[in-house]
Amino acid sequence: MLLIRCPYCEEERPELEFRNAGEAHIARSANITGESDDDFEKFFFIRSNPKGIIYERWRHMHGCARFFNAVRDTVTDKFIMTYKAGEPKPAKVPGVAK
Amino acid sequence: MSGAFRIPGAGRLKQAKTARFSFDGQSYAGIEGDTLASALLANGVHLVGRSFKYHRPRGFLSAGAEEPNALVEIRRDAARKTPNVRATVQELYDGLAAQSQNRWPSLAFDVGAVNDIASPLFSAGFYYKTFMWPKAAWKNLYEPKIRAAAGLGVAPDQPDPDHYSARYAHCDVLVLGGGAAGIAAALAAAETGARVILADEQAEFGGSLRFESGAGIDGQDGFAWAQAAVASLKAMDNVRVLSRSTAFGYYAQNFVGLVERVSDHLQNPGRDLPRERLWQVRARRVVLATGAIERHMVFADNDRPGIMLASAARTFLNHYGVAVGRNVGVYTANDSAYAAAIDLKKAGVNVAAIVDLRDNPTGPVIDEARALGIEINFGRAVIRAGGKLRVSSMTVQPKNGGGERIIPVDAILMSAGWTPSVHLFSQSRGKVAFNDETKRFVPGAYAQDCVSVGACNGTDGLSATIDEAYAAGAKAAKDAGAKVAKGTKPKVDASESWSRGMLGAAPGAGPNTTVKAFVDFQNDVTAKDIRQAVHEGMRSIEHVKRFTTNGMATDQGKTSNMHGLVIAAETLGKPIPQVGLTTFRAPYTPVTFGSIVGHARGPLFDPTRKTAIHPWAEAQGAVFEDVGQWKRAWYFPKAGEDIHAAVDRECVTVRKTAGLFDASTLGKIEVVGPDAAKFMELLYTNPWEKLEPGRCRYGIMLREDGFIYDDGVVGRLAPDRFHVTTTTGGAPRVMNHMEDYLQTEFPHLNVWLTSTTEQWAVIAVQGPKSRDIIAPLVAGIDMSDEALPHMSVREGRICGVPTRLFRMSFSGERGFEVNVPADYGQAVWEALWAEGQKHGATAYGTEAMHVLRAEKGYIIVGQDTDGTVTPNDAGLDWAVGKRKTDFVGIRGMARPDLVAKGRKQLVGLKTKDPKVVLEEGAQVVADPKQAVPMTMIGHVTSSYWSENCGRSIALALVADGRDRMGETLYVPMPNGTIEVEVSGMVFFDEKGERLNG
């Protein structure tokens, strides 16, 4: 079981308290009706599914109930960092070469 | 008397306490402290099982958890039957009853042994090849027969009466393995004040010090030192010591699962003790001190009872005081078997000969053996074992061929060297590295915060082990944040020598031989099988493993992995590291289902949710159905009524007078805040801004892809307050969906969401008399049609308690839904019921509710929709705000495929024969004469007998359904094709006049 640090509770808590909520930093367009079919496809269906560093959303379901973002390595499952929803994608991830 | 093979003065057990036990119905005596294995051996019993595939007679290979052969069933009573217990691990208690497995009719005469003679049929991968033809025989003959014959042991056939507990624990340093290395590491860590857990699978700590008579630490015998050290650890507040506790799995972030066997060793465990306890430990640092496992020699008939690992024979002698024979032979490729020969000789057992594959080894143990007068043969091999139910001889030959000599023996002790136990390290995702010099896989790159020490790290010798372990324990504590302490490292006075051994098949079992030289005893895999797998095209060691089953099942390759790997590598002509090791899987040793499940069984398996009105429904004799976790009243049968009669009566009564229905399970969410209406506009297809407070609207929620996600009636209580209802099953995900958008996409909106599902009890009163039933109990609400029209909501009081009274209908009749705080639910229901009785009202359940709503064509999300249905498909375009510029799903709904022709649309179906009720899920076709497979154009989503309509009714999703009104379609069923006519979805009161009737 993984330990996940909730950036709102500022505490590491067991994975059981959390739910994954898919890839992060995919913003819904403010003018969604104006999106082309291709743009909508990219927004709604296409995900990066990388081997390595992934930016994803988690919810502290059985805790503060907040959604937040996390950087995780899909090879080791290790959480590298977590940060609050709405904060920009981190330019530098600790311990990861760009 | 505790057995003819017990040697007076040998071992550590106190002779005083006798424990009587039985094996296959025969009574024996042992001593408390024995394992079942040592007690049987003390009585001269070696034959304890039959092998998995060939049903060959088997005895004890080991004295520990690596035992592949001696699997028995322990029976406490009719329900407590545990199969596949390793007799070498099971502690003896007075009255223990064990049975051998995998044999019929008896252990000595087993009909299944014919498999041994027919073994060419059962070579590697036989089940992929032998049972292929004729095709029909698979289902009727092979599959049932193989199923009956396959498997190890027999599963218990009654519910497990024992209970199992679970503990979570956190520590700074978790030390796994309680031999010399583990104890030294724990001592060093504990001295710093760090929180330490030390765990070992055995009843007593000490590991290999149990049999190493040549070990001395701090002026004591090694085993005695271990007991003293563990006693001092137990006395420390910061240390937890777990014996009989196997670390079976190493998971992410130093999360380790252990099973503590609490009462399997007790004669009368008592009801208050759990059988086992699952420990889930999170450690800052883990020290792996899991030791090494001795390997056997791979030679012909090396599985005869009486042939065992040298360290096992030493353990039985030095710990349990049992001689494994009276005239033993030794076959070895390293030094450690000499120590066994020396110990046995000194205890008065005749050692017929030591056969050593090495040419001219030298060393103190060899000198000592020679000085004791033991015959030693260098450069020779045992090429065959004689005997069947017990080994009777060993055939010795120079290793490069030559004259054979048969030496009579009643036991053979063998040692091919030691394999570091890297199971847990490998489970931690660490990568093993091959040491070419010592021919061992040892821990290489670490993936987690752990360290390996001692034999499992390839460290030889007691001094080096204690040095390494003590330093590692101190460092682990420091890395976990503890302060450095000045402790005293244990001082090694004496230790035994180690040497490397050999890997793979021994002489006589090499390529082009057909002998049965076992590599994996538990899975009956021979050296020949591994070579055959390579010859048949398996190149990867993972394929070889699966084709031969080498190292699979409960054994996980403890004794077999390295031999199998080397034989495969030789056959492939590749160096060992290029072939690589198979992945070690959890569990290290088998884990009971009980320990994993713990208390989460029966009523505690999953929460059961009951409404406030549940006790009343129960008292009325309601039949319940499960809806998610909820128990819902399904129907209320009167004496003599079946479900059909009850539902027909309930449906008719609702439309004639009235009915009461418990709708408390409906999901309820309070949406509050200055931007509540804006939020509702974005989450639902409908317009909300202009909905007046006090009015309700049927809302549809979509996912972003444009498909219907949920629906429900929403009441606006105030400009900034909405009372939202959801489907029963959808409540949690709708809440999650709303929170997701509020927190991440629309965080600028000032809105709060609160789940109120369990705060409100909801009583639906539906039918022409509904107002007459409610009105006398209501205060503060004008119940007239003008003041409280259909689809409106008022706050007031009922029976003196607060209510949110909705005028709404899910039956098509004049209807109300009375929301009261859940604590008052049953009282208000009973008051309404008393009023209802005056008018002849009925209580009705979910089945009648379904029929009534289907008569009106009201959909149920999740039944009439399946996640690919748009509002247009469901005929709900009217509920989509035409002038809205944004809501979740607005863009998805406009995708080309969602607006194309030919989509399945929800319509009504009427069977031509009104008495025929369609099956839900049945497929609809346009032409019943077409060839199979037919083109299916839709399926039935809801179907009922409607007593009110006097006929069957159905809803269906049919391609271009709305263009097919009046068309005849067909529903092909196994008993014939049913003709249906496409109709509108409303079967009763098409004009909707009864809402105000």
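Couple of notes before you dig in:
- Of all residues in segment B:462-469, none are open to solvent by 20 Å² or more (accessible area, probe 1.4 Å) and either farther than 23 Å from B:Asp335 by Cβ or outside any helix (DSSP H, G or I) (or both).
- Taking every residue in segment B:365-377 that is assigned by TED's automatic domain parsing to the domain that holds B:Thr332 and pairing it with any residue that is among the small types (Gly, Ala, Ser) and modelled with pLDDT under 95, at least 6 positions away or on another chain, the pairs with Cβ-Cβ distances below 8 Å are B:Val365/B:Ser497.
- Any chance B:Ala476 is within 37 Å of the chain's Cα centre (by Cα) and open to solvent by less than 60 Å² (accessible area, probe 1.4 Å): yes
- Qualifying residue in segment A:43-55 (condition: facing chain B (nearest Cβ under 9 Å), in a loop (DSSP other than H, G, I, E, B) and surrounded by 17 or more Cβ atoms within 10 Å (Cβ to Cβ)): no
- Residues located in segment A:4-24, provided they are open to solvent by 80 Å² or more (accessible area, probe 1.4 Å) and within 11 Å of chain B (Cβ to nearest Cβ): A:Glu12, A:Leu16, A:Arg19
- Residues satisfying the stated conditions in segment B:52-87, i.e. crowded, with 23+ Cβ neighbours inside 10 Å, part of a loop (DSSP other than H, G, I, E, B), in contact (Cβ under 8 Å) with a residue 60 or more places away in the chain and of a type outside the set (A, V, I, L, M): B:Phe52, B:Arg56, B:Gly59, B:Phe60, B:Ser62, B:Gly64, B:Glu66, B:Pro68, B:Asn69
- Subset of segment B:968-991 that is open to solvent by 70 Å² or more (accessible area, probe 1.4 Å) and within 15 Å of B:Ala926 (Cα to Cα) - its residue that is nearest to the chain's Cα centre (by Cα): B:Thr977
- Unmet criterion (only one of (1) away from chain A (no Cβ under 14 Å); (2) surrounded by 18 or more Cβ atoms within 10 Å (Cβ to Cβ); (3) more than 28 Å from B:Ala645 (Cα to Cα); (4) touching a Ser or Thr at 6+ places or on another chain (Cβ under 8 Å)) for B:Phe887: (1)
- Residues of segment B:335-348 satisfying the condition of being more than 21 Å from B:Ser2 (Cβ to Cβ), open to solvent by 10 Å² or more (accessible area, probe 1.4 Å) and either assigned by TED's automatic domain parsing to the domain that holds B:Glu66 or touching a residue at least 60 places away in the same chain (Cβ under 8 Å) (or both): B:Asp335, B:Ser336, B:Ala339
- Scanning segment B:935-948 for residues that are in contact with a Phe, Trp or Tyr (Cβ under 9 Å, 6 or more places away or on another chain) and free of Cβ contacts under 8 Å to residues at least 60 places away in the same chain yields a count of 0.
- Spans of helices (runs of 4 or more DSSP H) in segment B:484-593 with at least 3 residues open to solvent by less than 40 Å² (accessible area, probe 1.4 Å) and under 30 Å from B:Asp172 (Cα atoms): none
- Among (1) of a type in the set (Gly, Ala, Ser); (2) buried (at least 22 other Cβ atoms within 10 Å of the Cβ); (3) at positive phi, the one test that B:Gly673 misses: (2)
- Of the candidates B:Ala874, B:Ala931, the single residue that is buried (at least 17 other Cβ atoms within 10 Å of the Cβ), of a type in the set (A, V, I, L, M, F, W, C), assigned to a loop (DSSP other than H, G, I, E, B) and away from chain A (no Cβ under 14 Å) is B:Ala874.
- Per-region count, segment B:567-583, residues under 23 Å from B:Gly64 (Cβ atoms) and touching a strand residue (DSSP E or B) at 6+ places or on another chain (Cβ under 9 Å): 1
- Residues in segment B:241-299 that are over 25 Å from the mean Cα position of the chain (by Cα) and of a type in the set (Phe, Trp, Tyr): B:Phe299 alone.
- Selection of segment B:311-334 for residues being open to solvent by 20 Å² or more (accessible area, probe 1.4 Å) and either of a type outside the set (Lys, Arg) or closer than 15 Å to B:Thr35 by Cβ (or both) yields B:Asn318, B:Asn327.
- The set of residues in segment B:709-738 that are farther than 24 Å from B:Pro821 by Cβ and surrounded by 18 or more Cβ atoms within 10 Å (Cβ to Cβ) comprises B:Tyr709, B:Asp710, B:Asp711, B:His737.
- Segment B:395-408, residues that are assigned to a strand (DSSP E or B), surrounded by fewer than 18 Cβ atoms within 10 Å (Cβ to Cβ) and not aliphatic (A, V, I, L, M): B:Pro398, B:Arg405, B:Pro408
- Checking B:Gly699 against (1) within 13 Å of chain A (Cβ to nearest Cβ); (2) over 37 Å from the mean Cα position of the chain (by Cα), the condition it does not meet: (1)
- Considered as a group, the residues in segment B:234-265 that are within 14 Å of chain A (Cβ to nearest Cβ) and among the small types (Gly, Ala, Ser) include one that is most open to solvent (accessible area, probe 1.4 Å), and that residue is B:Ala252.
- Output for segment B:896-919, where each listed residue is within 14 Å of chain A (Cβ to nearest Cβ) and either more than 23 Å from B:Asp866 (Cβ to Cβ) or under 42 Å from the mean Cα position of the chain (by Cα) (or both): B:Asp897, B:Leu898
- Filter result for B:Ile669 (part of a strand (DSSP E or B) and in contact with an Asp or Glu (Cβ under 6 Å, 6 or more places away or on another chain)): no
- Some residue of segment B:681-696 being free of Cβ contacts under 8 Å to residues at least 24 places away in the same chain and either over 42 Å from the mean Cα position of the chain (by Cα) or open to solvent by less than 20 Å² (accessible area, probe 1.4 Å) (or both): yes
- Residues of segment A:66-98 that turn out to be exposed (fewer than 15 other Cβ atoms within 10 Å of the Cβ) and in a loop (DSSP other than H, G, I, E, B), as a count: 16
- Where A:Met1 falls short, out of the listed (1) more than 9 Å from every other protein chain (Cβ to nearest Cβ); (2) farther than 25 Å from B:Thr754 by Cβ; (3) open to solvent by less than 70 Å² (accessible area, probe 1.4 Å): (1)
- Neighbours by Cβ (under 6 Å, 6+ apart or cross-chain): first from segment B:93-114, over 13 Å from B:Ser51 (Cα atoms); second outside any loop (DSSP other than H, G, I, E, B) and open to solvent by 50 Å² or more (accessible area, probe 1.4 Å): B:Asp94/B:Arg20; B:Ala97/B:Arg75
- Residue within segment B:775-793 that is in contact with a Lys or Arg (Cβ under 7 Å, 6 or more places away or on another chain), touching a residue at least 12 places away in the same chain (Cβ under 8 Å) and closer than 27 Å to B:Arg609 by Cβ present: yes
The values are calculated or read from the model by the stated rules, or taken from the named source; none is laboratory data. The model shown is predicted, which means the values in this text are computed figures rather than measured ones. Here Cβ is always computed from backbone atoms with ideal geometry, including for glycine, and neighbour counts include all displayed protein chains. Surface areas here come from the heavy atoms of the whole protein model, side chains and all, with no ligands, DNA or RNA. Shrake-Rupley method; radii C 1.70, N 1.55, O 1.52, S 1.80 Å.
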